[in-house]
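The values are calculated or read from the model by the stated rules, or taken from the named source; none is laboratory data. Quick caveat: nothing in here was measured; it's all calculated off a predicted structure. Don't worry about glycine lacking a Cβ; one is built from the backbone with ideal geometry, like all the others, and counts go over all protein chains shown. The protein model used for the area step is the full one, side chains on, heavy atoms only, and it has no ligands, DNA or RNA in it. Shrake-Rupley method; radii C 1.70, N 1.55, O 1.52, S 1.80 Å.
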Amino acid sequence: MQYAHITGWGKAVPPSSLTNDDLATFMETSDEWIKSRTGISKRHISHVNTSVLASVAAKHALAAAGIEGSELDLIILASASPDTLIPNIASTVQANVGATCGAFDINAACSGFLYGIGLASSLIKSGQNKKVLVIGAERLSFYLDWSRRETAVLFGDGAGAVVLEASEEEGGVLGYELNNDPDGREILKSSFGSQMERLDASSLDFYIQFNGQEIFKRAIQGMGSLSTQVLEKCNVDKDDVDWVIPHQANERIIDTLVSRMKIPKERAIVNIANYGNTSAATIPIAICDALDKGLIKPGQTILSCAFGAGLTSAALLFKWTDRVTPISTSDAKVPDCEQTALELIKPAVDYFFKKAAEEGR
């Protein structure tokens, strides 16, 4: 039997960061207000397309695995903010890494990366594929109405990627669960898409909308129930889990989740302070950070869970391999940016605050 092991990992973060104090220069908020409610201190704003972030993360993941892009059998790219809908941006990454294989995007919002890992592991276990690249990449700043504090303070841009390889060695992805709650479709959404009135200029005023209280409640229920299911399915006790890597949406959600699961907070990987919510990219970025800090050790059992618009949810249980350092490194990097994050978002800030004034908000 073949097992799907994570053998490579990489991330890409834009150089321009937007702090809570930066946000306070144009909206009514403060560092203390944001941090106490979300755990976020700053987020990164991209000056390049999502596919650029995805490609840089992919090159680092390939180098860490010690393989070339030409060896890949498949590329799965999870994103709710691709450069283009046609063609998919997995094809852009494919060209950038020199791969000749299948490549496609999936949109399961913040759960997208775990959806991708689940699909990749099943394809490997079936014998269909040997080496699969899974990426989570977002440029969520594209969707933000900066006059709406409830969403403007939450999101950031970034990408993370992993390589999964077939192995005869037992371990790797032990199991996963995926779900969707269609009754919650309207709780978290953006109007961007072919439903827009193409000839009506006002249709371009799309932005992320959500009901915070409902998301909080359903996120904990969705991630908690699927995490329990995957642990039971794999016959693993929660006390045998070394690390929980949850979706980084809000530190209060993470705290409540692990508390209800009776897992010590010390066993949760939390890095939301430095990135904000990067949707499909949060979990692979957190994996990279945990490895960089030496937190993940060979053979450890890791539980990861996520929720997102749809409302999607996912949980994944995997055992790390015996290698926690890259085989090789890549010099790939996100291009330098001559503008600050405030300068990058200024046109959108000016536009949306003017619109808010006209609407009397």
I'm a student and want to see the number: the projected area of the Cα convex hull of the chain, averaged over all directions, in nm². 17.4
For region 48-139, take the alpha-carbon Rg, divide it by the Kirkwood Rh, and send me Rg/Rh. 0.93
Restricting to Cα atoms and excluding each atom paired with itself, what does the Kirkwood estimate give for region 37-191 in Å? 16.6
Those residues of region 20-51 whose amide nitrogen sits under 16 Å from the label point placed on E338, 7 Å along Cα→Cβ: 47-48
I'd like the FRET efficiency for L295 and D255, computed as 1/(1 + (r/R0)^6) with the beta carbon distance as r and R0 of 25 Å, rounded to 0.05. 0.85
Quote the Stokes-Einstein diffusion coefficient, in whole µm² s⁻¹, for region 205-361, based on the Kirkwood radius over alpha carbon pairs, a temperature of 20 °C and a viscosity of 1.002 mPa s. 119
May I ask you to give the solvent-accessible area per residue for region 77-153, in square angstrom, as obtained with a 1.4 angstrom probe? 35
Distance in nm between F104 and A357 label points, each 7 Å along Cα→Cβ, equals 4.8
In the calculated pair distance distribution of region 268-361, what percentage of Cα-Cα distances lie above 16 Å? 73
Which value does Rg/Rh take for region 120-169 over its C-alpha atoms, Rh per Kirkwood? 1.30
Please report the base-10 log of the normalised intensity I(q)/I(0) for region 124-251, using a Debye sum with one equal scatterer per alpha carbon and no solvent, at each q in 0.10, 0.14 (1/Å). -0.51, -0.92
Taking the chain as the reference, fit the longest principal axis to its C-alpha atoms, fit the long axis of helix 341-359 to the helix C-alpha atoms, and give the angle between the two in degrees, 0 to 90, nearest 10. 50
Pairing the Cα long axis of helix 282-292 with the longest principal axis of the chain, what angle in degrees results, from 0 to 90 and rounded to the nearest 10? 60
Would you report the distance distribution of C-alpha pairs in region 1-87 as whole percents per 10 angstrom bin, up to the bin with the largest distance? 14, 31, 29, 18, 8, 1
Treating cross-link reach as a plain straight distance, find the lysines whose alpha-carbon is under 19 Å from the alpha-carbon of K131, omitting any fewer than eight places away in the same chain. K11, K59, K319
Need the full-extension length gain, Q128 to T329, defined as separation in residues times 0.36 nm minus the C-alpha distance. One decimal, nm. 69.5 nm
At a probe size of 1.4 Å, how large is the accessible area of E170, to the nearest 10 Å²? 140
When the convex hull of the C-alpha atoms of region 182-240 is computed, what volume per residue in Å³ does it have? 119
Accessible-area order (highest first, 1.4 angstrom probe) of the listed residues D21, D289: D21, D289
Computed E for N271/L199 - FRET, C-beta separation, R0 35 angstrom, nearest 0.05: 0.20
Please identify, among A268, A80, A281, the residue showing maximal mean-square fluctuation in a Gaussian network model of the chain using a 10 angstrom Cα cutoff. A268
Which value in Å does the Kirkwood hydrodynamic radius of region 149-200 take, with 1/r averaged over all unlike C-alpha pairs and then inverted? 16.7
